[in-house]
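The values are calculated or read from the model by the stated rules, or taken from the named source; none is laboratory data. Predicted model, so just to flag it, every value in this text is computed and none were measured. A quick note on method: Cβ atoms are made from the backbone with ideal geometry, for glycine too, and the neighbour counts reach across all protein chains shown. Side chains are part of the model used for accessible areas, which takes the heavy atoms of the whole protein and leaves out ligands, DNA and RNA. Shrake-Rupley method; radii C 1.70, N 1.55, O 1.52, S 1.80 Å.
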Amino acid sequence: MSDPTSAEADAADDGSEDAGSEPDAPEIDLPSEAFDAVLDALADREPGEPVRFEGFSVARGADEDDEDAPVEDAPGEYVLADGDRPVGLSERELHEALSERAAAVTDWYTFERVVGEFGPRRAFLRWIEDADGDTVATRYAALAEGIERAWGELKITATVTDRGERRYDVRHADDAGVPVDDLDAYDDPLNARDLVTFDEQGRYRPLKTAPSLAGGWVFPDLGPRDLYEAVETIYPATVANWHREREGELDVTHWRETMERQAGIYGVVKTWDRGEGYEHVNWVAEACCDDSQCLKRREWQYDDETDLDVDGGDGAFPCREPCSVVVSAARKWTRLESEQPRTYEFDLTPSEKEQVEDIIDAVADGRTDEIREADTKEGANRYRARFLRAKLFDDEGNLGGVPTESAEE
Amino acid sequence: MQSLVIVAHGSHLNPESSAPTYDHADTIRATGAFDEVRTGFWKEEPHFREVLRTVEGDEVYVVPLFISEGYFTEQVIPRELRLAGWDVSEWDSDGLSADQATLVAEDIDKEVHYCGPVGTHRAMTDVIVRRAESVTNDADVGDGFGLAVVGHGTERNENSAKAIEYHADRIAERDRFDEVKPLYMDEDPEVDDLPEHFESDDVVLVPLFIADGYHTQEDIPEDVGLCEDHTEGYDVPETVDGTRIWYAGAVGTEPLMADVVLERADDAGADLGTALDDVRETTRVATGD
């Protein structure tokens, strides 16, 4: 596939050799809204109190007012400081100076005015381009080529326009490299609600972070706020929880505490913890929380002092407490696990025993649809399963003709 | 910055459960009355436990998209939202009159206005009538028609029946329909015997449920006799024992429900501008001719 940015990237590389390690940022035209925002920010500040950009700052001049001069020509209206001695500038000169530094100004404008203060949104959008690590020049050069980030099954590609505006392409990672025209394109982040409701086979997805997001769509040209909303819609609250974790403030609620909190029809789940260990919770986590089932990284454990023995996964965003799917399933298991084991006697051939294991594996791994109709080598093949049923079930559906309940019950 | 959070039940099994929540959120978003409109669920995501941390505003109105006061509005939602110091007495309600309580949500350490459920608001009466208009495609429906308002009944929650009776009484007082009766799924008078309770040849049946699901799509149609088995489907109207029954499906899917959500926030002090009028206008039933 051809890469339209590669020529520019090469040029940028060439240009950077002489200048040292700092790559060339693309040429940016300072948009009037960014300049106006700087003036507004200065107007809101006292004289001398600067607006800081990367590498320089601008403040209103503390000079005496020259009432006669037109404001835009007043020589000491603004003061620019960039490490050398501060320079007094008229509004026109300030515009020139900021145009020469348009990358830094548009970067300020993007995060201070477009993205805004809301913690999760701001942190997420800064993380995408490593805004707390890299310089503006480095980031703009990288954005010109396209910065790619993964979030769950999403692939997010951030770019910058020649006006310094961020644009984002969001799609399923499986659709990387597919031309936009070959995908269903959307521009309203709320459209994502329809994209996450069903999996590729049309089945309802009860868990948004299950790795079953269907592809075939793209948001090719989102702004920063809409990007955040699209991600929030596809993976709700994942950014907020990731942000809390980065701030060292993730509030993890462990299994015990979560189950103790349940009431109503779920109140029964607290009885599953019998002070006899936590193996049952290992099984729950292995069943429901494995990366193959949920992309959140499980941070909750049995309790404050007792970690589970199974892997929590590698997801970018944390899981801070057992979710409603886990609580609902736990309610079922609480009832099922209150039963006592008993001994049943069946006669199975070695291959039949293995076939039962194959069937359980195939269902547990969600592979039944992949097993070809005539592939009778597979234990979970439909003909094989039907044969086993025909041979071993009696008319009541009892395996080996053995009733589930014994006669005296 | 003013935020609306609509909280609803949702489902692990049925995608229709959350559909009305999203629809009403969209209607309200379009009015521009709130800087942001978010949705949170018991069975979907974001969960009640995590929805508030996705909210940016400092004036937060939480409106439960539930039919009656009870277990969810009194216990589950306040607990999961972590409303500090919540006690049901905050609402000082007789089962129908919960309006709002202002409490700190510990999850975000901010005050939120926790409103009463939509189903008991007086404006809900209009939604039931509007639902009857929608299903008959007649903005003046009433003359020659009976109206059955149907709910769960008291088996799980006595306030459920209170809400049904409240709205049925209010509609009856308007003298618009020839007859208005509350009917129940699990107590007398039962919806199963609908034709026995009405003299009118035409009866609109409006189930007081938030979303279409098992009760409205399987239980009630089969119990009333609209069909033997819900998979067969049924016509609207469908004649049962000589009565033409206009089955409306869940009242919560009616677009005017967005108005009740707004009314709740309005009662709690939200600044809505012209949003109430806007929603009443944009969700109107076409006159048909």
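For this structure, a couple of remarks:
- If you model the stretch A:249-316 as an ellipsoid using its alpha carbon gyration tensor, with each semi-axis the square root of five times an eigenvalue, the axes come out at 20, 13, 12 Å, biggest first.
- Rounded, prolate or oblate (a/c below 1.5 giving rounded, otherwise prolate when a/b exceeds b/c) for chain A by Cα gyration tensor: prolate
- Simple Cβ-charge dipole of chain B, Lys/Arg +1 and Asp/Glu -1, about Cα centre, in debye nearest 20: 1000
- Taking the accessible area of chain A, probe 1.4 Å, and keeping the other protein chains in place, the carbon and sulfur fraction comes to 45%.
- Computed P(r) (all Cα pairs; the stretch A:342-409; 10 Å bins; percent): 19, 45, 27, 7, 1
- Leading residue at positive end of dipole, the protein assembly as shown (Cβ point charges), from A:224, B:83, A:400: A:400
- Surface calculation, 1.4 Å probe, protein heavy atoms: residue A:148 sits at approximately 110 Å² accessible.
- Check: the stretch A:251-336 dipole with +1 on Lys, Arg Cβ and -1 on Asp, Glu Cβ, in debye: 620
- Other protein chain C-beta atoms within 10 Å of residue C-beta, averaged over A:235-247: 3.
- Global geometry of the stretch A:306-352, whether rounded, prolate or oblate, following the gyration tensor of its Cα atoms and the 1.5 cut on a/c: prolate
- 19 Å Cα-Cα threshold exceeded, pairs from A:270/A:296; A:332/B:43; A:208/A:270; A:155/B:43: A:270/A:296; A:208/A:270; A:155/B:43
- Helix A:32-43 axis versus longest C-alpha principal axis of chain A: approximately 70°, rounded to the nearest ten.
- For residue A:167, nonlocal amide neighbours, meaning residues 5 or more places apart or on other chains whose placed amide H falls under 5 Å from its own, are A:159, A:160, A:161.
- Annotation: the antiparallel percentage among DSSP beta bridges lying fully within the stretch B:15-125 is about 65.
- Built amide H within the under 5 Å cut-off of residue A:205, gap 5+: A:198, A:199
- Shape of the protein assembly as shown, Cα gyration tensor, a/c cut at 1.5: oblate
- Relative to the longest principal axis of the Cα atoms of chain B, the long axis of helix B:19-31 makes an angle of roughly 60 degrees.
- Just checking the listed ones, B:39, B:243, B:231: in the Gaussian network model of chain B with Cα springs under 10 Å, the one fluctuating most is B:231.
- Most mobile of A:248, A:315, A:152 in a GNM of chain A (Cα contacts under 10 Å): A:248
- Database remark: amide H of residue A:297 closer than 5 angstrom to the amide H of A:315, A:317, A:319 (H placed geometrically; neighbours at sequence offset of 5 or more, or on other chains; Pro and chain starts carry no H).
- In the stretch A:116-244, Cα pairs under 8 Å separated by at least six residues give a relative contact order of 27 percent.
- Of the Cα atoms belonging to the stretch B:124-253, the radius of gyration and Dmax stand at 13.1, 37 Å.
- Here is how the number arises for chain A: DSSP H runs of 4 or more residues each give -39500 (n - 2.57), the sum is divided by the residue count, and the result at 222 nm is -10500 deg cm²/dmol.
- The alpha-carbon of residue B:181 sits under 28 angstrom from the alpha-carbons of these lysines, leaving out residues fewer than 8 places away in its chain: B:162.
- Surrounding net charge for residue A:215, when Lys and Arg each add one and Asp and Glu each subtract one, Cβ distance under 9 Å: -3
- Residues considered: A:260, A:321, A:396. Largest GNM mean-square fluctuation over chain A, using C-alpha springs under 10 Å, is found at A:396.
- Counting only Cβ charges, +1 for Lys and Arg and -1 for Asp and Glu, the dipole size of the protein assembly as shown around its Cα centre is about 1680 debye.
- Relative contact order %, chain B, counting alpha carbon pairs below 8 Å whose residues are six or more apart: 20
- Sequence-separation-based contact order of chain A, relative, with Cα cut under 8 Å and 6+ spacing, percent: 10
- For the stretch B:228-240, the Karplus equation 6.51 cos²θ - 1.76 cosθ + 1.60, evaluated at θ = phi - 60°, returns couplings of 6, 9, 4, 5, 6, x, 7, 8, 10, x, 10, 8, 10 Hz by residue, with Gly and Pro reported as x.
- Helix A:324-336 axis, angle to chain A major axis (alpha carbon atoms, nearest 10°): 20
- Peptide packing for B:2-11, B:139-148 was compared via the average number of neighbouring C-beta atoms within 10 Å per residue; ordered from the highest value, the list is B:2-11, B:139-148.
- Those lysines that a straight Cα-Cα span of less than 30 Å connects to residue A:377, excepting residues fewer than 8 apart in one chain: A:353, A:391
- Cβ-based charge dipole, the stretch B:160-289, positive-most Cα from B:166, B:237, B:215: B:166
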